[in-house]
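Engineer: After the structure tokens below, expect a handful of questions from me.
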Amino acid sequence: MRTLIISDLHLGSLSGADVLRRPEMRAPLLDAAAGVDRVVLLGDVLELRHGPLREAMAAARPFFEELGQALAGRELVITMGN
């Protein structure tokens, strides 16, 4: 089973450090996800220190929608961060 492990995305950062907010930065990761059986998001997926949860989720939504399309029904595991 091929697994892609990704950590510390910090999606929704107010500083703009969450580069996956930009479609051209998401594309290589999504291409890699399309070729595996499982993706593991290994903690700190959202940046919750800088603002309300709803804002972090709104910023992260395009990534999750595109990841769901890339995985096409394959497994996604999300673990808690610190």
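The values are calculated or read from the model by the stated rules, or taken from the named source; none is laboratory data. Treat the numbers as computed from the prediction; the structure is a model and nothing was measured. Here the Cβ is made from the backbone with ideal geometry for all residues, glycine too, and neighbour counts use every protein chain on show. Just the protein is used for accessible areas: all its heavy atoms, side chains included, with ligands, DNA and RNA removed. Shrake-Rupley method; radii C 1.70, N 1.55, O 1.52, S 1.80 Å.
Engineer: Residue by residue through the stretch 43-60, note down the ones that are of a type in the set (Gly, Ala, Ser) and either closer than 17 Å to ARG22 by Cβ or out of contact with any strand residue (DSSP E or B) (no Cβ under 9 Å at 6 or more places or on another chain) (or both).
Structural biologist: GLY51, ALA56, ALA58, ALA59, ALA60, listed by residue number.
Engineer: Applying the selection to the stretch 41-82, what residues are without any contact (Cβ under 8 Å) to a residue 40 or more places away in the chain and of a type in the set (Gly, Ala, Ser)?
Structural biologist: GLY43, GLY51, GLY68, ALA72, GLY73
Engineer: Give the residue, chosen from LEU67, LEU30, that is touching a Phe, Trp or Tyr at 6+ places or on another chain (Cβ under 9 Å), at pLDDT 90 or above, more than 11 Å from ILE6 (Cα to Cα) and of a type in the set (A, V, I, L, M, F, W, C).
Structural biologist: LEU30
Engineer: Given (1) modelled with pLDDT under 95; (2) open to solvent by less than 50 Å² (accessible area, probe 1.4 Å), identify the lone condition not met by VAL77.
Structural biologist: All conditions pass for VAL77, except number (1).
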